[in-house]
Amino acid sequence: MPNEPKSRNISEIAKELARSFDSSVVESWYSNIVGFLSGSRSYYVLLVITGLVVFVSSMVAVDAINTGYRHAYNVTREIPWGILISTYVFFVVTSTGLCIVSSIGHVFGLKDFMPIAKRSVFLSVVTIFAGFTVIFLDIENPLRMALYNVISPNLTSNIWWMGTLYGAYMFFMAVEFVFLLIGNNRLAMYAGLSGLLSGIAAHSNLGAIFGMLHAREYWYGPYMPIYFILSAMASGCAAIIFFTWLGYKVNNEKMDKSMERAMEVVGKLCTLLIAAIMFFTTWKIITGLVASPGKVEVIKALLTGPYALNFWLFEVLIGMAIPFVLLLYSKGRNLGMMFTASLLMVIGIFVMRYDLVVVGQIVPSFQDLGVKEYLHLLPYKPSFHEIMVVAGGFGIVAAAFLLGEKIFSGHKSEIH
Amino acid sequence: MNSKKTEFEPFKKACIETVSPIERREFLKIGLAISGIFAGGTILSVVSNINKVFASPEEFSEKYPYKPHYSMVIHQDRCIDCERCMEACVMTNDVPEYGYRTMILEKEVLDAIGQKKEFIPVLCNHCNNPPCVRACPTKATYKDKKNGIVMMNYDKCIGCKTCVVACPYNARYYNEEKKAIDKCNFCIDTRLSKGEKLTACAAACPAGVRIFGDLSDMNSEVYKRIHQLARPVWVLRPEIGAKPNIFYMKG
């Protein structure tokens, strides 16, 4: 008896799928590809540039693989996680954020958020792919991971959970995008919900990778998983505003009323989330100043030490303060102002991730011993190879975004 | 306890002139052992932390979880930085020039009275509660169920370096030739399994700094050194709670 409804469900799904793939859908895709060929010249120039960036950085990445990461990258025994890890974090934070914010519409049914759904889901797949590409070039034996993640899982390891859940997440988001394309909103909703749940679980595990390393005082504690989810939403809002505005420029179109409304609500949510991150950051700093010596030293490195420029200029001013003011001032209607705010946020958040990953490692393990080898903070500067891999990650996102705008003709939404 | 009493016999007629330097030193040693002072790592005072002196939790003094329970006691003040332990380790375990499994750290206190330098040998602490093992996604690093050595299965290592970041003792590095993280394994594959009783570093040390042995054996040197109250024994970074098996002492 209990099998009956299930089998009916499956046949229903199969029928719906068949219905979705009717000739009109195929035809519209075809016409989109033709449309892609008739883009403006600046569009092609941009596309070629991003393609070149991806090409050149792949060459550099191949060189890094051949020479060995120990020589190509500036990571050390003491600071084994550098800009590639922070860039991976940046991309998956953005992806999770895109997923969470857009799910308000297409999973939870808030109409105002509907128009951003397709582009967001598409970009969440693109950004997680870019993130995976970057970490693929950081992990020494990524192919072993595919095997031993399955046959030798360590269930106490956050890395294991993160990798596995993000794998599932990427699958669900890709499936959701296909369902959105063929206009099957019900199945898209289920896929979206599965993606949202696995994405949030994956992302809090990413935070917990740092938060559960009790030998690293700056990271340790429940703050990281919570902060990661919160800042993911802020990143997601920034990415939505950024890419939607650019998307309309690329397609040379004007937003309709519903899209303008969507931008307004995302802008307002973004303002709120920046305020929340300011609050989080403030208390992280204040509590850190009365912590154990190792943690105090990290906070001082951020406030007045070698990371002060990163912190005050990029994290605080560019990442939070200026966008906050711009977003408030725009009232969610001045799109140019909102775009500027989102661009600044993306830059600021990138530096925020970099600082978060690197400063957690700058205090030597044996600093308390007072030995000559470890009297000072440890240095790290990204190498040329590392910077190029990061550029390649951004190149992938940019190229896929540009292609997506034309192939899926501006991600116009028929969801109502 | 009785032996201690006899040592203090002369104190019956104590006054500064009659106390010999040796007596004074004996007395001070006991005082320091009981109060606990700082030198190098955190010294665990027998007053407040008696259980920690005995290699972590209470049940430890009765029963150690591994048999043999490999452990090392390092007589910090005996180290002269000749680095023969490091050389022996490199030779025995094929350690590349860019990495190390054991290292001697140098502490210099310029305004100290008398001796101004001391050397602190460090290596993997083979923790009973190892942060690296918890963090590894593929069980490439694991705690050997029999002898408690924190081991590496090189084939399973994906090179994510989470264990390197997780380790409180900077004991791990990526080995290009092995295509995996490498670390001290108490020479289990190169010496102990071949019938040797000591690790390469312990055997090479000319100053008797590194005392290696089985903590679950009451007759072993490591057991005797740790299970006493006269001289302080400490571990590095006890606040992490990793329950290390490398102990430090002086004298």
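The values are calculated or read from the model by the stated rules, or taken from the named source; none is laboratory data. All figures in this text were calculated on a predicted structure; none of them were measured in a lab. With ideal geometry, Cβ positions are generated from the backbone for all residues, glycine too; neighbour counts draw on all protein chains shown.
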Residue satisfying condition, being on the phi < 0 side of the Ramachandran plot and surrounded by 23 or more Cβ atoms within 10 Å (Cβ to Cβ), within set B:N185, B:N153, B:N245, B:N147: B:N245
Selection count where residues are buried (at least 19 other Cβ atoms within 10 Å of the Cβ), within 12 Å of chain A (Cβ to nearest Cβ) and outside any strand (DSSP E or B), scope segment B:217-242: 3
Residue that is among the basic types (K, R) and outside any strand (DSSP E or B), where the choices are B:K178, B:K107: B:K178
Qualifying residue in segment A:360-367 (condition: surrounded by fewer than 22 Cβ atoms within 10 Å (Cβ to Cβ) and farther than 16 Å from A:T76 by Cα): yes
Test: B:C127 is crowded, with 24+ Cβ neighbours inside 10 Å, within 12 Å of chain A (Cβ to nearest Cβ) and closer than 14 Å to A:E140 by Cα: no
Extreme residue, surrounded by the fewest Cβ atoms within 10 Å (Cβ to Cβ), among residues of segment A:247-302 that are among the aliphatic types (A, V, I, L, M) and not in a helix (DSSP H, G or I): A:V290
Qualifying helices (runs of 4 or more DSSP H) (wholly inside segment A:303-416; at least 2 residues being out of contact with any Ser or Thr (no Cβ under 7 Å at 6 or more places or on another chain) and among the acidic types (D, E)): A:384-407
Test result for A:Y329, free of Cβ contacts under 8 Å to residues at least 12 places away in the same chain and either of a type in the set (V, I, T) or more than 16 Å from A:K295 (Cα to Cα) (or both): yes
Positions within segment A:220-232 being buried (at least 22 other Cβ atoms within 10 Å of the Cβ) and either at pLDDT 95 or above or touching a His at 6+ places or on another chain (Cβ under 7 Å) (or both), in sequence order: A:F228, A:A232
Of all residues in segment B:130-161 being touching a strand residue (DSSP E or B) at 6+ places or on another chain (Cβ under 9 Å), in a loop (DSSP other than H, G, I, E, B) and of a type in the set (D, E, K, R), the one that is nearest to the other protein chains (Cβ to nearest Cβ): B:K161
Any hit, segment A:166-174, residues being within 29 Å of B:Y173 (Cβ to Cβ) and crowded, with 18+ Cβ neighbours inside 10 Å: yes
Where B:K194 falls short, out of the listed (1) away from chain A (no Cβ under 14 Å); (2) surrounded by 17 or more Cβ atoms within 10 Å (Cβ to Cβ); (3) among the charged types (D, E, K, R): (2)
Inter-residue pairs, beta-carbon under 8 Å, first more than 10 Å from every other protein chain (Cβ to nearest Cβ) and within 18 Å of B:A166 (Cβ to Cβ) and in segment A:208-232, second among the acidic types (D, E) and outside any helix (DSSP H, G or I), 6+ apart: none
Residue in segment B:131-139 that is in contact with a Phe, Trp or Tyr (Cβ under 7 Å, 6 or more places away or on another chain) and crowded, with 24+ Cβ neighbours inside 10 Å present: yes
Among the residues listed as A:K412, A:K406, the single one being in contact with a Pro (Cβ under 9 Å, 6 or more places away or on another chain) and within 30 Å of A:K111 (Cβ to Cβ): A:K412
Single residue of B:V164, B:V122 found to be in contact (Cβ under 8 Å) with a residue 12 or more places away in the chain, under 24 Å from B:D214 (Cα atoms) and not in a loop (DSSP other than H, G, I, E, B): B:V122
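For every residue, the table says whether it meets (1) within 20 Å of A:G68 (Cβ to Cβ); (2) not small (G, A, S).
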{"position": "B:C136", "(1), (2)": "no, yes"}
{"position": "B:K139", "(1), (2)": "no, yes"}
{"position": "B:K156", "(1), (2)": "no, yes"}
{"position": "B:C160", "(1), (2)": "yes, yes"}
{"position": "B:C167", "(1), (2)": "no, yes"}
{"position": "B:Y173", "(1), (2)": "yes, yes"}
{"position": "B:A180", "(1), (2)": "yes, no"}
Any hit, segment B:156-165, residues being under 19 Å from the mean Cα position of the chain (by Cα) and buried (at least 18 other Cβ atoms within 10 Å of the Cβ): no
Residue list for segment A:344-367, filter: within 12 Å of another protein chain (Cβ to nearest Cβ) and among the acidic types (D, E): none
Positions within segment B:80-98 being within 13 Å of another protein chain (Cβ to nearest Cβ) and touching a helix residue (DSSP H, G or I) at 6+ places or on another chain (Cβ under 9 Å), in sequence order: B:V95, B:P96, B:E97, B:Y98
